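No value in this document is a laboratory result; all are computed from the given coordinates. The shown structure was predicted, so the numbers you read here are calculated from the model rather than taken from an experiment. Cβ atoms come from the backbone with ideal geometry, glycine included; neighbour counts cover every protein chain shown.
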Amino acid sequence: MTWVVGIGFGLVLLFAFPRHMLGLIGLIAIGAAIVAGYYWSQQRDQQRILSDVGISAEHSTRCPPATPMLVTFQNGSKTVITKIWFALEGYRSGHSDAVVRNSYLYSDKILAVGETYAACWATESYSTGSTDYASLSWKAIGTNTQSR
């Protein structure tokens with residue numbers, strides 16, 4: 001509710017002192033542009049790092065039945081990765097829609113530059129019916145990274 005009072009107060013000042021307030025609005029716009037530019041730059045850097053991180057997934061008999069998905073991460077970037085967010089998707093042969101999707105997964109394994117790490121993951125997911133996971137083509141999609 002205080003933001004409504006603040007907007008009302010700002011409008012009163014704008015109409016009472018238009019010349020002074022236009023300068024203040026200009027400074028606020030410049031500050032907002034700087035913040036937006038910084039945010040855009042950070043997002044671009046994160047996407048560049050994410051594009052250099054290889055993530056693959058496969059249904060593997062080397063993994064226990066409770067966690068049958070072998071997910072491999074390879075840090076090809078020039079920075080240490082401290083966390084990777086990713087999604088697992090399973091596709092039937094010849095189809096374009098995922099029948100199994102498991103989003104919002106992350107690994108907090110710290111990966112040095114050039115390091116590869118593999119782990120078994122569960123397939124708790126939003127599935128579109130009973131599916132033989134071993135017969136699906138699996139894709140791991142990186143969504144975000146955290147780095148040092």
Per 0.36 nm of contour for each residue apart, how much would the distance between residue 39 and residue 24 grow if the chain were fully extended, relative to their Cα-Cα spacing? 3.1 nm
Go ahead and set up a Gaussian network model of the chain, Cα springs under 10 Å, then flag whichever of 38, 106, 117 fluctuates most. 38
Using just the Cα positions, wrap segment 38-121 in a convex hull and report its mean projected area in square nanometres, one decimal place. 6.8 nm²
Shape call for segment 2-82 from the C-alpha gyration tensor, a ≥ b ≥ c root eigenvalues: rounded (a/c under 1.5), prolate (a/b greater than b/c) or oblate? prolate
Using helices alone, I'd like the mean residue ellipticity at 222 nm for the chain: each DSSP H run of four-plus residues gives -39500 (n - 2.57), total over residue count, nearest 500. -11500 deg cm²/dmol
Heads up, the chain by the C-alpha gyration tensor (a ≥ b ≥ c square roots of eigenvalues; a/c under 1.5 rounded, else a/b over b/c prolate, else oblate) looks prolate
Given the options 40, 121, 138, state which has the largest fluctuation in a GNM of the chain using a 10 Å cut-off (strictly under) for Cα springs. 40
Choice from 111, 13, 88 with maximal GNM fluctuation in the chain (Cα, 10 Å cutoff): 13
What list do you get for 63, 120 if you sort them by fewest beta carbons within 10 Å? 120, 63
State to the nearest 20 debye the size of the charge dipole of the chain about its Cα centre, where the only charges are +1 on K and R beta carbons and -1 on D and E beta carbons. 400 debye
Dipole-positive endmost among 90, 72, 33 within the chain (Cβ charges, Cα centre): 33
Once both label points are put 7 Å beyond Cα along the C-beta direction, the residue 5-residue 112 separation in nm becomes 5.7 nm
